[in-house]
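The next block holds one structure in the form of structure tokens; read it before the comments.
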Amino acid sequence: MQHTVVVITDIYAPPAVIFDLELDMDEHSASLHATDEVAVTSTGRSTLGEGDEVSFAARHFGWRFSMTSRITQYNRPYSFTDEQVRGPFAAMQHEHVFDDQPGGWTRMHDRFTVTAPFGVLGHLALRLAVSPYLRRLLEQRAAHIKTRAEAGTPFTE
């Protein structure tokens, strides 16, 4: 059973700035410092590109989890998608979309779709605990990206 979390954030910066920040694994780790997240890329570079993989290790719900994702769609600076290759979910797809808006700002869409393992019990855990937790993580990450993008971009409306 699938569940999708959508977080939309308005950022006063152009799509390219936000796109690059979203693919920077140093920024990723900084945005989720409370989880002790570590990200290691398949290329050794901190910035991901199409086809690259990244392995994450972090503490969630008091347990250490690991997951590897691959960039499966890449359309700079407007969108990219990463999908779980190995990890805790039966399946995971995270779509990142950056819509250029009149006046020079961007609407960032995070669409995080997961399929729970363990049948009905997994679905129940996903719905009651994991999904709200994922929403908070995505909102925290989006707030970090917004702050970083807007700090580096002069904006006048």
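The values are calculated or read from the model by the stated rules, or taken from the named source; none is laboratory data. Given the structure is predicted, the values throughout are model-derived calculations rather than measurements. When we count neighbours, we look across all protein chains shown, and the Cβ atoms used for this are built from the backbone with ideal geometry, even at glycine. The accessibility values were calculated without ligands, DNA or RNA, using every heavy atom of the protein model including side chains. Shrake-Rupley method; radii C 1.70, N 1.55, O 1.52, S 1.80 Å.
How far is helix 131-151 tilted off the main Cα axis of the chain, in degrees rounded to 10, range 0 to 90? For 131-151 against the chain, the angle is about 20 degrees. Altogether, the Stokes-Einstein calculation at 4 °C and 1.567 mPa s, with the Kirkwood radius of the chain over Cα pairs as Rh, returns a diffusion coefficient of 81 µm²/s.
Relative contact order, whole percent, for the chain stands at 31, derived from Cα pairs under 8 Å and 6 or more residues apart. Rolling a 1.4 Å probe over the protein heavy atoms gives the range 19-94 an accessible area of 50 Å² per residue. As a length-normalised measure over Cα pairs under 8 Å and 6 or more apart, the relative contact order of the range 1-88 settles at 21 percent. Summing Cβ point charges (Lys, Arg +1; Asp, Glu -1) relative to the Cα centre of the range 19-116 gives a dipole of roughly 340 debye.
From helices alone, the chain scores -8000 deg cm²/dmol at 222 nm; the rule is -39500 (n - 2.57) for each run of n ≥ 4 DSSP H residues, then divide by the residue total.
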